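The values are calculated or read from the model by the stated rules, or taken from the named source; none is laboratory data. None of these values were measured; they are calculated from a predicted model. No Cβ is skipped: glycine too gets one built from the backbone with ideal geometry, and neighbour counts run over all protein chains shown.
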Amino acid sequence: MEISANTQALAYLVAAILFILSLKGLTHPASARRGNFLGMIGMAIAIAATLAGHEVQSYGFIIAGVVAGAVIGGVLAARVQMTAMPQLVAALHSFVGMAAVLVAIGTFLNHSAAGTLNPVLMGELSAGIVIGAITFSGSVIAFGKLQGLISGAPVRFTGQHMLNAALGVVTIALAVHFAATGSMASLVIMTLLSFVIGFTLIIPIGGADMPVIISMLNSYSGWAAAATGFTLHNNLLIIVGALVGFSGAILSTIMCRAMNRSILNVVFGGFGSESGGGGASAGAVAADKGVKSASVEDAIYWMEDANRVIVVPGYGMAVAQAQHALKEMMELLEENGVEVKFAIHPVAGRMPGHMNVLLAEADIPYDHVFEMDEINPEFASTDVVLVVGANDVVNPAARTDQSSPIYGMPILEAGKAQHVYFLKRSMRPGYSGVDNLLFYQDNVSLIFGDAKDTIEGMVTTLKGGGH
Amino acid sequence: MPDTLVSLYVFVLACFIGYFVIWGVTPSLHTPLVALTNAISGIVIIGALLVTGLEEAGTTAEIMGFFAVLLASINVFGGFLVTNRMLAMFKKKKK
């Protein structure tokens, strides 16, 4: 069956509406799954309408590609660990980027064979190639950093900005030359240079800024799709590209605000070197500095009879895989009539919203999980705060110490609670490398050890009836 | 109005829709949002289909198109399925 161009355009319109509704579904967890299904239907309509159109005549390669892609995508989606979600997302961004590059070059070859090239088309092709290639190599670097294949530390050298600027200027010049003349050499060199730019743009950004990198590359992958839409005069691709592009841009903005840094500072700042530091005799170092350490029993003593306990999780919780033990602890405390809440800082974890997914995976109901602005007023009337694998996001230095690198960053006001317990492996500072002023406050104690072991210890104590 | 200008209109208006819709997304679903946008940016598969399916497409274009279809399909299937898997975990308290 072949459909007319008008029918196809209408089908694309329906698909575009479904994609918008799909994103709209994420306004609330209750409507989110339906949203995702609407997105699937939209995609199915878009693909079916394209295949039924008159342009698509040979199906061999298409069927092979879709079947292989479905198998690989299905396996990845079913197997991925929730802690590894940022890596999967980075890999998927790189695929969109590469697909955009391939589509642009393929379109060039097809038009070149048919003799229908023109400067506007070639300009649009160049945009698709440049953005796609940057998205690809940038995402590959982000994947490498997240997976620990390459160091998460920012890689910096003198003249870095000059090099980036020079690469950018040369690439634009090549794009203009290609658009004007159709020179194959310009096309190839432009493509290669764009891959290099993606690399040099992401390599200086530190591991601590991963939530921003992920959001930025998300945005780039959208712009790559939009540029492809311009080349093909396909409005559906343009609409989707704009939606995705803006989604990534807004997430980047939210992440930057949550760190009180500008996007330029993140991209060019080289913040967040992952410092080493000794974990040897954490207790001794702590005592030297006037920090109190506490035992599991001390914490339980206050928690058992508390009215409210707030847990502040950070990426350390995910590393220790402590979320399941936390859930058990939450249930035992609730049986005692204690209200348990979770407080999430926007940049906790390795990507936006990462902590929420990890807590959801552990079956912690989402109505127990709160954003920073919602929960901050409650700390002052809270009996016990348990900080699990987080650090900078509760550091009052962000409020009080103007010389601190994290000054101005909005924080969770954990220090206002009656008792604060930090579950920490060592005295190592957080990603910012800044000492946490909270450690020296009278109401704050540290419980050293693996977060999962500590919380399991709390669960055992609670079950034992304790005091 | 030339095609490119029409495309620009569509693009700019879609940017506004994106802006308003995305600010409405609850922060607790930001990870599923990134995964869902991964899936729908797999829409470049349409470009890949058009390149690969063209009757007159040369072998080089066909091979490039095949890889583009493959990569975009991984996004579409992987993205939607993993989003679904994540969203299924978000539950309210059992009463």
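Key figures for this structure:
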| item | result |
| --- | --- |
| Residue under evaluation A:P346, criteria (1) assigned to a helix (DSSP H, G or I); (2) surrounded by 19 or more Cβ atoms within 10 Å (Cβ to Cβ), criterion not met | (1) |
| Check on A:V357, farther than 17 Å from A:M458 by Cα, β-branched (V, I, T), within 22 Å of the chain's Cα centre (by Cα) and outside any helix (DSSP H, G or I) | no |
| Filter result for A:G25 (touching a Gly at 6+ places or on another chain (Cβ under 6 Å) and more than 7 Å from chain B (Cβ to nearest Cβ)) | yes |
| Only listed residue being in contact with a Cys (Cβ under 8 Å, 6 or more places away or on another chain) and buried (at least 24 other Cβ atoms within 10 Å of the Cβ), chosen from A:F246, A:F230 | A:F246 |
| Qualifying helices (runs of 4 or more DSSP H) (wholly inside region A:372-467; at least 2 residues being of a type in the set (V, I, T) and modelled with pLDDT of 90 or more) | A:451-463 |
| Residues of region A:94-106 classified as within 7 Å of another protein chain (Cβ to nearest Cβ) and in contact (Cβ under 8 Å) with a residue 60 or more places away in the chain, total | 4 |
| Residues that are buried (at least 24 other Cβ atoms within 10 Å of the Cβ) and at the interface with chain B (Cβ under 7 Å from one of its Cβ atoms), drawn from region A:107-121 | A:T107 |
| Candidate set: region A:67-91, residues that are buried (at least 18 other Cβ atoms within 10 Å of the Cβ) and more than 8 Å from every other protein chain (Cβ to nearest Cβ); chosen: the one modelled with the lowest pLDDT | A:T83 |
| Complete set of residues in region A:315-327 that are buried (at least 19 other Cβ atoms within 10 Å of the Cβ) and not in a loop (DSSP other than H, G, I, E, B) | A:Y315, A:G316, A:M317, A:A318, A:A320, A:Q323, A:A325, A:L326, A:K327 |
| Selection within region A:127-165 - within 14 Å of another protein chain (Cβ to nearest Cβ) and either buried (at least 24 other Cβ atoms within 10 Å of the Cβ) or without any contact (Cβ under 8 Å) to a residue 60 or more places away in the chain (or both) | A:G128, A:I129, A:I131, A:G132, A:A133, A:T135, A:F136, A:S139, A:V140, A:A142, A:F143, A:L146 |
| Single condition A:R33 does not satisfy, out of (1) under 28 Å from B:F66 (Cβ atoms); (2) part of a helix (DSSP H, G or I); (3) among the charged types (D, E, K, R) | (1) |
| Selection status of B:S7, under 20 Å from the mean Cα position of the chain (by Cα) and either modelled with pLDDT of 95 or more or not aliphatic (A, V, I, L, M) (or both) | yes |
| Members of region B:10-36 that are in a helix (DSSP H, G or I), under 18 Å from the mean Cα position of the chain (by Cα), within 7 Å of chain A (Cβ to nearest Cβ) and free of Cβ contacts under 8 Å to residues at least 24 places away in the same chain | B:V10, B:F11, B:A14, B:C15, B:I17, B:G18, B:Y19, B:V21, B:I22, B:H30, B:L33, B:V34 |
| Residues (under 21 Å from A:G115 (Cα atoms) and in a helix (DSSP H, G or I)) located in region A:142-189 | A:A175, A:V176, A:H177, A:F178, A:A179, A:A180, A:T181, A:M184, A:A185, A:S186, A:L187, A:V188 |
| Failed item, numbered, when B:V12 is tested on (1) more than 22 Å from A:Y366 (Cβ to Cβ); (2) in contact with a helix residue (DSSP H, G or I) (Cβ under 6 Å, 6 or more places away or on another chain) | (2) |
| Residue ID - nearest to the other protein chains (Cβ to nearest Cβ), chosen from residues in region B:50-75 that are modelled with pLDDT under 95 and within 17 Å of A:L236 (Cα to Cα) | B:V51 |
| Region A:192-227, residues that are of a type in the set (A, V, I, L, M, F, W, C), buried (at least 24 other Cβ atoms within 10 Å of the Cβ) and more than 23 Å from A:A84 (Cα to Cα) | A:W223, A:A224, A:A225, A:A226, A:A227 |
| A:L217 vs. criteria part of a helix (DSSP H, G or I) and either more than 14 Å from chain B (Cβ to nearest Cβ) or over 14 Å from the mean Cα position of the chain (by Cα) (or both) | no |
| Among the candidates A:I45, A:I72, A:I3, A:I63, residue that is out of contact with any Lys or Arg (no Cβ under 9 Å at 6 or more places or on another chain) and assigned to a loop (DSSP other than H, G, I, E, B) | A:I3 |
| Count of region A:32-62 residues which are more than 7 Å from every other protein chain (Cβ to nearest Cβ) and among the small types (G, A, S) | 8 |
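Matching residues to (1) charged (D, E, K, R); (2) touching a Gly at 6+ places or on another chain (Cβ under 6 Å); (3) surrounded by fewer than 22 Cβ atoms within 10 Å (Cβ to Cβ):
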residue	(1), (2), (3)
B:V6	no, no, yes
B:V10	no, no, yes
B:C15	no, no, yes
B:W23	no, no, yes
B:P32	no, no, no
B:I45	no, no, no
B:A68	no, no, no
B:V82	no, no, no
B:K92	yes, no, yes
